[in-house]
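Structure, as structure tokens:
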Amino acid sequence: VVGMESERAKEIMSKLYRPFLLNNFRVIFTDIASAEMIKYAANSMLATRISFMNDIANLCELLGADVNMVRKGIGTDTRIGKKFLYAGCGYGGSCFPKDVKALIKTAQKVGYDMEVLQAVESVNEKQKSILFNKLMSIRDSFNGDIKGKTIAIWGLAFKPETDDMREAPALVLIDKIISVGASVKVYDPIAMPECKRRIGDKVVYCKDMYEAVVNVDTLLLVTEWKEFRMPNLEVLN
């Protein structure tokens, strides 16, 4: 998407992108304001899908429905599609939070309320606490008190295949666990140096996923790295 103000700019950018066009790579030329809006609207739509599915997941849990079956079912509808329908701990990173906030603020400047996006942001902030809330709901397993317990966390980055921890749900989770007097052991394939840069030695950093669960009281899976999908249950036990 290329925002431009003159035909000369369009000619220059057309020449620059011509090699990509040979492979049917699409280039859309618009005015500058529309180009900016396309970027914000695209990321905000994806963020909306994530918050919607997290809301649905929470309702499924209360009703006894399986959110994975719901996801597969609605994903077969070609009007909806399969992407960005996975429930989780909320979105983070550099794009979705920033662009949702930017669109809300831009609208406010011209006297308009983006009510849907405000709800998307609200749901996402609440979702970042979902694992902590689940942890607190099973306090009976810890004799009614989580203080002094050790919690393992698998995954720190806001999504797999990155070390990006900007607005990562794991940061909220760690702070909440520590605030109630528990300690935290963590493992992430590549994001631990970034985590240490952000929060220092508030947590214990482990060399692998199995070291993280040694002498802990429970395990929380935060980031869906592939190596966490099929753990060795014998080692875990």
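The values are calculated or read from the model by the stated rules, or taken from the named source; none is laboratory data. Since this is a predicted model, take the numbers as computed values, not measurements. Quick reminder, even Gly has a Cβ in these numbers, built from the backbone with ideal geometry, and neighbours come from all protein chains shown. Just so you know, the surface numbers come from the protein's heavy atoms only, side chains and all, with ligands and any DNA or RNA stripped out. Shrake-Rupley method; radii C 1.70, N 1.55, O 1.52, S 1.80 Å.
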Exercise for the section: Report ³J(HN,Hα) in whole Hz for each residue of the range 60-67, in order, from the Karplus equation J = 6.51 cos²θ - 1.76 cosθ + 1.60 where θ = phi - 60°; Gly and Pro get x. Expected result: 4, 4, 6, 9, x, 8, 9, 5
Problem - Per-selection Kirkwood Rh - the range 3-76 (Cα, Å, 1 d.p.) - result: 15.8 Å
Fill in the blank from the handout: Expressed as a percent, the portion of alpha-carbon pairs in the range 66-172 spaced more than 21 Å apart is 55 percent
Handout entry: Selection from A107, G148, M136 lying farthest towards where the dipole of the range 90-168 points positive, charges on Cβ
Key = G148
Problem - J(HN,Hα) series, the range 210-221, from Karplus relation 6.51 cos²θ - 1.76 cosθ + 1.60, nearest Hz, glycine and proline x - result: 7, 4, 5, 9, 6, 6, 10, 8, 6, 10, 10, 9
Completion exercise
Rounded to the nearest 500, the 222 nm mean residue ellipticity computed for the chain from DSSP H runs (n ≥ 4, each -39500 (n - 2.57)) alone is -15000 deg cm²/dmol
Practice task
List every residue whose amide H lies under 5 Å from the amide H of E167, counting only residues 5 or more places away in sequence or on a different chain, with H placed 1.01 Å from N in the peptide plane.
Solution key: G93
Handout entry: Rounded to the nearest 20 debye, dipole of the chain from Cβ charges on Lys, Arg, Asp, Glu
Key = 380 debye
Exercise for the section: Quote the charge dipole size of the range 166-237 about the Cα centre in Debye, to the nearest 20; the model charges only the Cβ of Lys and Arg (+1) and of Asp and Glu (-1). Expected result: 240 debye
Exercise for the section: Using only alpha carbon pairs under 8 Å that are at least six residues apart, calculate the relative contact order of the chain and give it in whole percent. Expected result: 16 percent
Fill in the blank from the handout: Given the candidates V216, F84, N54, the one whose Cα lies deepest towards the positive end of the charge dipole of the chain, counting +1 at each Lys or Arg C-beta and -1 at each Asp or Glu C-beta, is F84
Handout entry: Greater than 20 Å apart at Cα, pairs in K39/K226; K39/K105; K134/K185; K10/K109; K147/K226; K82/K105
Key = K39/K226; K10/K109; K147/K226; K82/K105
Handout entry: Principal axis dimensions, the chain - Cα atoms, whole angstrom, descending
Key = 70, 38, 38
Exercise for the section: State in Å² the accessible area per residue of the chain; use a 1.4 Å probe, count heavy atoms of protein chains only, and round to the nearest integer. Expected result: 61 Å²
Exercise for the section: List the residues whose amide H sits under 5 Å from the amide H of M4, counting only those 5 or more places along or on another chain, with H placed 1.01 Å from N in the peptide plane. Expected result: T30, D31, I32
Practice task
Using the charge dipole of the chain (Lys, Arg: +1 at Cβ; Asp, Glu: -1 at Cβ; taken about the Cα centre), state which of P193, P231, V203 has its Cα farthest towards the positive end.
Solution key: P193
Problem - Mean separation of Cα contacts under 8 Å (6+ apart) over length of the range 130-237, as relative contact order % - result: 34 percent
Problem - Percent of Cα pairs exceeding the 17 Å cut-off, where the set is the range 197-237 - result: 38 percent
Handout entry: Of all accessible heavy-atom area on the chain, the percent that carbon and sulfur account for (1.4 Å)
Key = 55 percent
Exercise for the section: Give the cross-link partners of K101 among the aspartates and glutamates, using a straight C-alpha distance below 16 Å as the criterion and excluding same-chain residues fewer than 8 apart. Expected result: E36, D113, E115, E121, E125, E167
Exercise for the section: Mind computing the radius of gyration and Dmax over the alpha-carbon atoms of the range 141-182? Å is fine for both. Expected result: 12.5, 38
Problem - In Hz, Karplus ³J(HN,Hα) per residue of the range 121-129 (6.51, -1.76, 1.60; θ = phi - 60°; x = Gly, Pro) - result: 5, 5, 4, 5, 5, 5, 5, 5, 9
Handout entry: Nonlocal amide H pairs with I153, under 5 Å, H built at 1.01 Å
Key = K185, V186, Y187, L220
